[in-house]
Amino acid sequence: MPQAKHMTQEVSQQKLAVLIDADNAAAAIVEGLLAEVAKYGVASVKRAYGDWTTQGLKGWKDVLLEHGIQPIQQFRYTVGKNATDSAMIIDAMDLLYTEKLDGFCLVSSDSDFTRLASRLREAGALVIGLGEKKTPKPFVSACDKFVFTEILRRDKADTKRPKKTATSLKRDAKLVKLLRGAVEDAADESGWAYLGSIGQYIANTTPEFDPRNYDYAKLGDLVRAVDIFEIDERSVANRPGKSIYVRDKKIKKTR
C-alpha cells in the first residue's frame with residue numbers, strides 16, 4: 001500500500017478530510033475526535049452527514065457550529081436504507097479527485113465504509129477510521145489506523161483509574177503475541193529492537209492497536225508494564241534524548 005510517505009511526513013503538512021456519519025456516532029466524541037485528528041494533520045474539511053430534521057441528531061446540532069463542522073443534510077427517502085452512507089461515500093470520492101488532500105478520517109462503526117476505505121488507500125490516501133469497539137473487523141482492517149472512540153469519551157476521572165498490572169497484561173495472549181512478534185520482526189542479530197520500529201510493525205499489521213486501549217498513554221509505557229522484555233535506553237548520534245531498545249527476556253534465558 002502506498003502509505004509510507006503519509007506516516008513519515010510532518011504532521012503539520014497533512015491535509016485531512018474529516019467525514020462523520022452522525023447517524024452512527026455520538027456527539028460526545030467530537031472534542032476528543034478533533035484532538036485525535038490533530039495528531040495526524042490539519043482538518044481541512046469537516047463534514048457531518050445525517051437527516052438533521054430528526055430528533056435523533058439533536059445533540060449534534062449544539063457542537064457543529066462550535067467546532068466548525070459543516071452539516072450535510074440527507075433525507076431518509078426509504079425506510080431501512082441508509083442514505084447517509086451513500087452521500088458520505090460520494091462526497092469522499094469527489095474530494096479525492098477535486099481536492100489536494102493527504103488523507104481521510106472516516107468516523108463510523110458501519111461496515112458499509114469498508115470498500116471506501118480500501119479504495120481511498122488504493123489511491124494513495126492515508127485512511128484513519130474512528131468508531132466503537134463493535135466496528136466490524138473488515139472496516140477496521142481496511143484502514144491505515146483505527147481508533148476506538150470509547151477512548152475519546154473517557155472523562156478525567158475515568159483516566160485516573162488504576163492501570164492494568166503486568167499479571168493481567170500477560171494473561172492477554174493476543175497482546176503478548178503481537179508484542180513479541182513485533183519485537184522479533186524488528187530485532188537485530190542480538191535480539192534488540194528499536195521501539196520506533198516495533199511501533200511501525202504494529203501499525204502496519206494491526207490498525208486498531210492503541211496502548212490507550214490498555215490504559216497506557218504510550219507504547220513504551222505498555223512494553224515496560226507487560227514485563228516480558230528487557231529495556232535499554234541508549235544515546236544515539238543525531239537523535240535527541242534517549243532511544244529505547246527492547247529485547248525479549250526469553251532470549252536471555254536461553255543463552
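What follows draws every value from the coordinates through simple rules; no lab data is involved. Nothing here was measured: the structure is a model prediction, and the numbers come from that model. Please note: Cβ atoms are built from the backbone with ideal geometry, for glycine as well, and neighbour counts cover all protein chains shown.
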Segment 186-255: GluC sites (Glu not before Pro) in DSSP loop, at most 11 other beta carbons within 10 Å:
Glu189
Per residue, what volume in Å³ does the convex hull of the Cα atoms of the chain enclose?
151
In terms of the alpha carbon gyration tensor, root eigenvalues a ≥ b ≥ c, rounded if a/c is under 1.5 and otherwise prolate when a/b exceeds b/c or oblate, segment 22-124 is oblate
Given only helices, namely DSSP H runs of n ≥ 4 each adding -39500 (n - 2.57), what is the per-residue ellipticity at 222 nm of the chain, to the nearest 500 deg cm²/dmol?
-10500 deg cm²/dmol
If you plug each phi of segment 54-70 into the Karplus form 6.51 cos²θ - 1.76 cosθ + 1.60 with θ = phi - 60°, what whole-Hz ³J(HN,Hα) values come out, in order, with x for Gly and Pro?
8, 6, x, 9, 4, x, 6, 4, 6, 9, 4, 5, 4, 10, x, 9, 7
Where both partners of a DSSP beta bridge lie in the chain, what percent of those bridges are antiparallel, to the nearest 5?
25
Using the Cα centre as the reference, give the magnitude of the dipole from point charges on the C-beta atoms of the chain (Lys, Arg: +1; Asp, Glu: -1; all else neutral), rounded to the nearest 20 debye.
1020
Only four residue types carry charge here, +1 at the Cβ of Lys and Arg and -1 at the Cβ of Asp and Glu. Report the dipole size of segment 175-214 about the Cα centre in Debye, rounded to the nearest 20.
180
Can you figure out the FRET efficiency of Ala217 with Asp91, using R₀ = 41 Å and their beta-carbon distance, to the nearest 0.05?
0.75
